[in-house]
1. Please work out the C-alpha center-to-center distance from region 37-90 to region 158-192 and express it in whole Å.
2. Taking a virtual spin label 7 Å from the Cα of Val206 along the C-beta vector, which residues in region 131-170 bring their backbone nitrogen under 19 Å of it?
3. Modelled label-to-label distance, Asp177 and Arg314, 7 Å Cα→beta-carbon offset: nm?
Amino acid sequence: MAAVVGHFNFWNITSEKALEEAWLKLENVKPLSITSSVLSIVMSPIIVFANILVLLAVWKDPLKKLRSSPSNFLLVSMALADLLVGLVICPIFAYWGWEIFGKGESPLDLSVIFAMNVFSVNVSFGHMFLLTVDRVLAVMIPLQYRSKVTNKRVLVASCLCWVYFLAFGCSFLVLRDYFAIMGVIYNVQLLFILFSMLIMNVVIVVRFRRYSKEGPVQGHQENSNYIILQREKKLFKGITIIVSAFLLCYMPWFIVQILIYLCKPCHPNLSWLMISFGFSGSLTYANSGLNPMLYTWRVPKYKETIRHLWKNRRTRLNRQVKVQVGKL
């Protein structure tokens, strides 16, 4: 916002001043706000349904397959974070956009909204990072993986993720007079996590190539390390899809942020930048709806569990229909 707002004392700008100058003064603020509101309303039930299905599958666990792996703790914790986005953040942004459309002013302090957004969205983001670390360890130290990655350690890592981003979100409230500085720190932090995830996936690719070359030589030997890594190859395809979806959801937002902060020639196009900011911000919430499909539904044991629950549900419904028909 330093480049496009032109505020003299930008680095001390408050959240209220940033909202007033960068959003509320736009000529098309009302249609932009109502559009963001509608997008949040549409995404909310999708996010809620997708993540409740994951939590239900783990809670019921009729096939007794989902509670044995430490990585499932991360998947459940991430589903809770994504559920929070659908249940709380999307409705709040929908209400915020609707009020601006109707009254032309924000009903909530921007610092409060950003604090809640930073906490919920980034907890999910952090768990994506932890899951990537988990996959790297599974590839790099397959024989020691079970002894190194225990339920206790995974639980501690997940709790630290929640606590850290809760504290970081609260810092937006405490340091509301330095909104721009906190925004820069926020973006740098996310970019660091993003590039770390990309580097870790490159490490996985290199590791796979090395073992694929060694495979023919060891074709007649029972190499447990090689067998485990072969199983991980299937997961790598999923990781590629996950990273691609993640970039699709977050990179537009990062690009718009860079233009807002650094692109002085973009000053005359503030209106278009803020429109892009609104749409790209809503796109980051879509990632919370995609995570269940990318991380859990495509995993065989989750597929089996969800299918089992669905078949049982259909069986119960058919029985109820037959009972009702018999009564008639």
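1. 24 Å
2. 132-142
3. Each label point is offset 7 Å from its Cα along the Cβ direction, giving 6.3 nm.
Bear in mind that the values in this text are calculations on the coordinates, not laboratory data. Being a predicted model, the structure only gives us computed values, none of them experimental. Ideal geometry is used to build each Cβ from the backbone, glycine not excepted, and the neighbour counts take in all protein chains shown.
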